[in-house]
Amino acid sequence: MSTRYIGALDAGTTSVRFMVFDHEAKVMAQAQKEHRQIFPQQGWVEHDPLEIWANCAEVIRTALSAAGLTGGDIEAVGITNQRETTVIWERATGRPVHNALVWQDTRTDRLCNQWLADGLEPEIAHRSGLPISPYFASSKIRWILDHIDNGMARARRGDLCFGTIDTWLLLQLSADRRHVTDVTNASRTMCMNLETLDWDESLLAALDIPAAILPAIAPSSSADALGATAADGPLGAQVPICGILGDQQAATVGQACLTPGEAKNTYGTGCFLLLNTGQEIRRSAKGLISTVAYRFGNRPAVYALEGSVAMGGATVQWLRDEMQMIDDAADSEALAASVPDNGGCYLVPAFSGLFSPWWRSDARGVLAGLTRYVKKAHVVRAALEAICFQSRDVLDVMLEEGGVAMPRLNVDGGATANAFLMQLQANILGIPVARPAITETTSLGAAYAAGLATGYWESEDEIRSGFKVDQVWEPAISTEERDTLHASWLKAVDRTLNWVD
Ligand code: ADP
């Protein structure tokens, strides 16, 4: 029998990539492409769904041909995606009716405040596990329907379809153009009931979301619920699609956090700390959210407590693209290391408000503590520190409410390539930070979801035994210094609040 592989289509916030893994999780092929970040107004962030799909098709073809592989070498494909980002298209033509509203977009602030004023929060939190925030898909669905011609009427008639990016890509990839999402992505809409794992009629009624636009909800790993790729598509063969996981859930699986009490933090566009809570839905009183970690086949769902930070690596992108302080994200490392400290300067990148644990959509970014002494390197260092402080604020709550000891933090994501950032993180947390040998955990998690469904990987134990740590950073500052830095950070966070009326 010839060797076969598992493919993962990873549609992240900044780029899409296609990776092919072998049984030992070795990367056999990969290609990646960035897509445009569209900022039409302050606080608005859009992507072009057609561009994302075109880039996906391109990276699939490029990765396969560069490695001398064909679709016939791929046993199954998994999809992972930036979550919450909302696309609506015409059912008949598949044409998007608007650009995708990205998870960081805050334009639906007013609608969310209205829902808060209407007293909907307790019921929404109880049923969906989520606080009311522009971050989640439901207010974005409403905004699009309210801003296109006859949106609500067309949606009620069943002429329009909603999907997160997984659903949009499954529509394009699957031969029979399926309208399906997985349970992890559905858990980010504010419309799914965490207990029943189905759309919740009373939430749909309260938020005025027409049920006719919603996709079916499938398990994250399934041999038959997701169809197969079209023979005339980018894979050039009918390959079963057997997994879908939201990107943070995929990284949780890719880091083999498959046992209650295990956690990981991903440093991508945002930072997302997820703690596996097993079959129990844990509820936070201090700003963490309850979400589905994964559901493999027809087995019970596994849940997670999550701390979500909107601006992680995106803070570095902002330094690069908007401030032009660096040419490349990687330059942040040498520049930040060129100064002995932050020079008293703190950057709080509350550009989309603050997510966990604060949930303040009225917050906006501040650069605090400026004096004539502060130079570019200090600001760059403050940006890296901000990523670490935000993760610490989430971890503090996780430790307090999660009831777990965390002897070390497992990390992954694009920004973990920055060793100086990882050292800062260990210093600011006061616990070691461990990076796995395979840092492409998001793609790997999607591959695992697909490969578990076909029996390519036999069991979760097989996944656990494949996990290896590559590098560990130990804390290298005193508790006193750590606490002093953190206290100043919290003062700066306070300055961001009550900015938007
Ligand atoms: P996503 O999946 O959200 O698109 P990735 O995991 O691909 O994100 O990581 C990309 C993010 O990591 C970008 O926001 C980028 O600015 C940041 N990043 C990449 N390399 C570095 C680096 N060496 N130092 C700091 N940040 C980095």
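The values are calculated or read from the model by the stated rules, or taken from the named source; none is laboratory data. Because the structure is predicted, anything quoted here is derived from the model rather than measured. Every residue, glycine as well, gets a Cβ built from its backbone with ideal geometry; the counts of neighbours run over all protein chains shown. What goes into the accessible areas is simple: the full protein's heavy atoms, side chains included, and nothing from ligands, DNA or RNA. Shrake-Rupley method; radii C 1.70, N 1.55, O 1.52, S 1.80 Å.
Numbers for the structure displayed
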{"quantity": "Residue-level accessible surface for Arg17, protein heavy atoms, 1.4 Å, Å²", "calculated": "50"}
{"quantity": "Packing rank of 452-462, 248-258, where each peptide gets the mean count of other beta carbons within 10 Å, highest leading", "calculated": "248-258, 452-462"}
{"quantity": "Two-decimal Rg/Rh across segment 321-371, once Rg and the Kirkwood Rh are taken from alpha-carbon atoms", "calculated": "1.04"}
{"quantity": "Amide hydrogen neighbours beyond the local backbone of Lys264, cut-off 5 Å, H modeled", "calculated": "Leu274"}
{"quantity": "Packing-based order for 59-66, 375-382, using average beta carbon neighbours within 10 Å, highest first", "calculated": "375-382, 59-66"}
{"quantity": "Rule-of-thumb Rg ratio for segment 289-361 [Cα; 2.2 N^0.38 Å; N residues]", "calculated": "1.58"}
{"quantity": "Calculated diffusion of segment 453-501, Stokes-Einstein form, Kirkwood radius summed over Cα pairs, 4 °C and 1.567 mPa s, µm²/s", "calculated": "81"}
{"quantity": "Computed lengthening from His147 to Lys286, 0.36 nm per intervening residue step minus Cα-Cα distance", "calculated": "46.6 nm"}
{"quantity": "Shape parameters for segment 100-186, alpha-carbon atoms, Rg then Dmax in Å", "calculated": "14.3, 45"}
{"quantity": "Segment 104-187 - percent relative contact order, Cα under 8 Å, separation 6 or more", "calculated": "20"}
{"quantity": "Cα gyration tensor, segment 1-47 - rounded (a/c under 1.5), prolate or oblate", "calculated": "prolate"}
{"quantity": "Computed over the chain, Kirkwood Rh from alpha-carbon pairs, angstrom", "calculated": "22.7"}
{"quantity": "Segment 178-193 - phi-based ³J(HN,Hα) in whole Hz, Karplus 6.51/-1.76/1.60, Gly and Pro as x", "calculated": "6, 10, 9, 10, 10, 5, 6, 5, 4, 6, 9, 9, 6, 10, 9, 7"}
{"quantity": "Kirkwood Rh, angstrom, segment 234-380 [1 / mean 1/r, Cα pairs]", "calculated": "17.9"}
{"quantity": "Long-range tail of P(r) for segment 350-397 (Cα pairs > 18 Å, %)", "calculated": "39"}
{"quantity": "Kyte-Doolittle at least 0.0, axis length at least 20 Å by Cα - qualifying DSSP helices, the chain", "calculated": "49-66, 376-402"}
{"quantity": "Sorted peptide list for 94-106, 196-208, criterion being average Cβ within 10 angstrom, highest first", "calculated": "94-106, 196-208"}
{"quantity": "Charge context of Phe21, other residues only, Cβ under 14 angstrom, K/R +1, D/E -1", "calculated": "-4"}
{"quantity": "Prolate/oblate/rounded call for segment 225-317, Cα gyration tensor, a/c under 1.5 rounded", "calculated": "oblate"}
{"quantity": "Estimated translational D of segment 74-146 in µm²/s (Stokes, Kirkwood radius over Cα pairs; 20 °C; 1.002 mPa s)", "calculated": "154"}
{"quantity": "Sites Asp48 and Gln238 - FRET efficiency at Förster radius 30 Å, r taken between beta-carbons, to 0.05", "calculated": "0.60"}
{"quantity": "Above-threshold pairs, the threshold being 32 Å between Cα atoms, out of Lys26/Lys264; Lys286/Lys376; Lys264/Lys491; Lys33/Lys264; Lys33/Lys468", "calculated": "Lys286/Lys376"}
